[in-house]
Amino acid sequence: MKFRKADPLVEDLRRVLPLDRIRVAPLERSLMGRDASIFEGGQAGPVCFPIDTGEVQGCVDTARRHGRAVVPRGAGTGLAGGAVPLEEPVVVVTTKMNRLLSVDADSRVAWVQPGMINLDLSRATAPYGLHFAPDPSSQQVCSLGGNVGTNAGGPHCLAHGVTSAHVLAVEVVLMSGEAVVLGDPDGWAPGMDLRGAYVGSEGMMGITTAIAVRLTPDPPAVQTLLLAFDSVDAAAQTVSAVIADGIVPAAIEMMDNNIIRAVEAYVGAGFPTDAAAVVIVEVDGLPGGVAEEADRVVELATARGASVRRAVDEQERALLWKGRKSAFGAIARIKPNYYLHDTVVPRTRLAEVMNRVYEIVEEHDLQVMNVFHAGDGNLHPMLLFDRREPGIMPRVHAAGAAIIEASLAVGGVLSGEHGIGMEKRDFMPLMFSEADLDAQARLRRAFDPGGMANPSKVLPTGASCADVNALDKVPDGVWG
Amino acid sequence: MRAPAGVRDFDPADMTIRVGAGTPVAELDAALAEAGQRANLPLTPGATVGGVLAVGRDDLHALGRGRLRDALLEAVFVADDGQVVTAGGPTVKNVSGFDLCRAMVGSLGTLGLVGEVILRTWPRPPVQQWLAGPCDPRELRRRLYWPSSILWDGQTAWIHLEGHASDVESEADLAQSLGCEPTEGPPTLPPHRVPVGALEAGGFSGRYLVQIGTGSAFVSEPIPVPTPDRAVVALHERLKAEFDPRGRLNPGRDPLAAT
């Protein structure tokens, strides 16, 4: 659809936002048609860039009067298609709401706007010796509002918990246009935990307009270890052994040989390219416990055949993490496209499921690299491919489905941190019964009775009849 | 109605435990202690796992150990129409669908009858120590790295330290330099819980105890609590209407009014 100046929806949006913050040109709308997932072909309606809560309310009110759905969008780094607009909704982009509103260093609380970049917050609070613990791999570009939307994780969520554990309160604009604060920046509001119910709702309950985050004190001591193994099994067993020993490190990350070699060629972090797997373990806290736990981890790892490298200074530690966090850049050298999966399995079943992943990939004649949050059992197999190769996409999707099934078969879950969005919507019945899905639909309806917020995501059609523009299936062309 | 009791499934290496909601918290704690673990549930005498989750009060050590609301990974409950519903999932990390478990914590059983839960567990640290003294609780929070509890009654601060022996020792030395002395344990809690903001509003003359960093304060006499925002009340009403349209689940109880 082409928007003319006289389009009544656009005319009305211009009453609440200045001209330069409503974009209707085909190019700008098509830019908002996708996120960082493999979905293509989303269709944005007018794209709005509000700068405060009042303007967001104006956008929502206007969309409602025109019977149009609203899709909130942060930095667009989501991997599950959660921010991909379907059927020309009003897209509300929060990137211009990127201010740090306040910091209370004594109480360790900061109020931020949703468009603030994750890493910018930790940079801003560094002078107080505080940081925001969730650190998704995209933390240099992803927004805190998006972190709330997906309940984002990251390597350092093992000991300190994912985003929900670090959000004290959220200001939300509901689809009625009302702004409401859920939770309390002090830490507790009487009643049900509406804050917790909202975090991770993937834009389907309202639009986040401000967030009170809990800040975490920087640890006085840190030790980072690189453990190299001859087999994936030994690496996975070491992860289980560490947890079983009563140690919860700040992070436990695993990388398999394929990704080790890709990363070494790319950044030269000094990872042993002949290892079947490396595990990065970081322990932090007070010096006594850190020393004791690091020694114990080394003991458990060497008993399983590991060779160990300890980062001797901050520079070496940063290099090891650079190796870990460069994984996604490194693979671009091998194949132009990748499909990053995200499932969680019980930590004790890691080795078994990884072996199954290798089998699946071989059955479908694909390449895989594994770099993931092993301490949480959060797998991230990356399927590499070139979408120009004829007939490749059905194989990629078939392998993806088999990985999901293998994870669920051992008591795992569909997603650990990326969310369901469109990507896994139709897999939800594999994990949840009809009654389970209906309960989730009820929760969503309590927040958004008309189903106007980011419709047709997360819940398979049939779980809720209320979605406007509800789609029986993902529209043609959206699957990339 | 009483929920089933007993530990169903516990593999210490997964750090999760599946228990019947009717399991006494003391029994849960004993089972976990055998594996050197614990859960972040308050060990209220006589209370059950389902009960403390429904009430939603944090353990006194929530500042360092984490909040009760984050302890619940999966809840199996009977809905108002008799259907069995599973909310959440069994793994320590999970964003599959909406986070219904969070809404169950503090809901006083008004959304469903919880029968079984999976909880996240944590290692039990080797050493712990309570100290108390006429110290500034903000100063204690600023100077100590990771105290598990700071309580404040307006004159005396109580702090709880736990972890490895040498760390607890050095942190206790620091606390002593700030005016605290070792003590047996925390003071008894006044009976009524209020949001700390209600206490800070002033005009209260009874005994109180603030649980620093959790938003909760405990008072000897009930005090007026600020009326929740109209939109917050409306969300509670709509949740109740969605989950219990006929008003069968714990009728007459309002989670917003609970203390």
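Couple of notes before you dig in:
- Test: A:A303 is at negative phi and either acidic (D, E) or surrounded by 18 or more Cβ atoms within 10 Å (Cβ to Cβ) (or both): no
- Tally of residues being more than 16 Å from B:Q83 (Cα to Cα) and more than 10 Å from every other protein chain (Cβ to nearest Cβ) across segment B:234-246: 0
- Selection count, segment B:1-46, where residues are part of a helix (DSSP H, G or I), within 14 Å of chain A (Cβ to nearest Cβ) and exposed (fewer than 15 other Cβ atoms within 10 Å of the Cβ): 2
- Residue match in segment B:153-167 (condition: surrounded by fewer than 15 Cβ atoms within 10 Å (Cβ to Cβ), out of contact with any Ser or Thr (no Cβ under 6 Å at 6 or more places or on another chain) and within 14 Å of another protein chain (Cβ to nearest Cβ)): yes
- Filter result for A:G323 (in the same structural domain as A:N258 (by TED's automatic domain parsing), buried (at least 19 other Cβ atoms within 10 Å of the Cβ) and not hydroxyl-bearing (S, T, Y)): yes
- Residues of segment A:319-339 classified as more than 16 Å from A:D256 (Cα to Cα), of a type outside the set (F, W, Y) and in contact with a strand residue (DSSP E or B) (Cβ under 9 Å, 6 or more places away or on another chain), total: 4
- Matching option when the condition is among the aliphatic types (A, V, I, L, M), in the same structural domain as A:A262 (by TED's automatic domain parsing), more than 27 Å from A:D230 (Cβ to Cβ) and crowded, with 21+ Cβ neighbours inside 10 Å, among A:V297, A:V290: A:V290
- A single member of A:V267, A:V278, A:V283, A:V297 is within 18 Å of A:E316 (Cα to Cα), within 14 Å of chain B (Cβ to nearest Cβ) and not charged (D, E, K, R), and it is A:V283.
- Taken over segment A:186-240, the criterion of being closer than 18 Å to A:A275 by Cβ and within 12 Å of chain B (Cβ to nearest Cβ) is satisfied by A:A236, A:Q237, A:T238, A:V239.
- Some residue of segment B:214-231 being under 26 Å from B:G109 (Cβ atoms), part of a strand (DSSP E or B) and at the interface with chain A (Cβ under 10 Å from one of its Cβ atoms): yes
- Residue ID - farthest from A:A83 (Cα to Cα), chosen from residues in segment A:413-432 that are within 7 Å of chain B (Cβ to nearest Cβ) and surrounded by fewer than 23 Cβ atoms within 10 Å (Cβ to Cβ): A:M431
- Flag: B:L151 does not match the condition of being within 19 Å of B:G215 (Cα to Cα), assigned to a helix (DSSP H, G or I), within 23 Å of the chain's Cα centre (by Cα) and at pLDDT 95 or above.
- Test: residue in segment A:390-412 that is within 9 Å of chain B (Cβ to nearest Cβ), within 21 Å of the chain's Cα centre (by Cα) and farther than 22 Å from A:T77 by Cα: yes
- For A:A265, the conditions (1) at pLDDT 95 or above; (2) surrounded by fewer than 24 Cβ atoms within 10 Å (Cβ to Cβ) all hold with the exception of (1).
The values are calculated or read from the model by the stated rules, or taken from the named source; none is laboratory data. Bear in mind the structure is a predicted one, so any value in this text is a computation, not a measurement. Neighbour counts run over all protein chains shown; Cβ positions are idealised from the backbone, glycine included.
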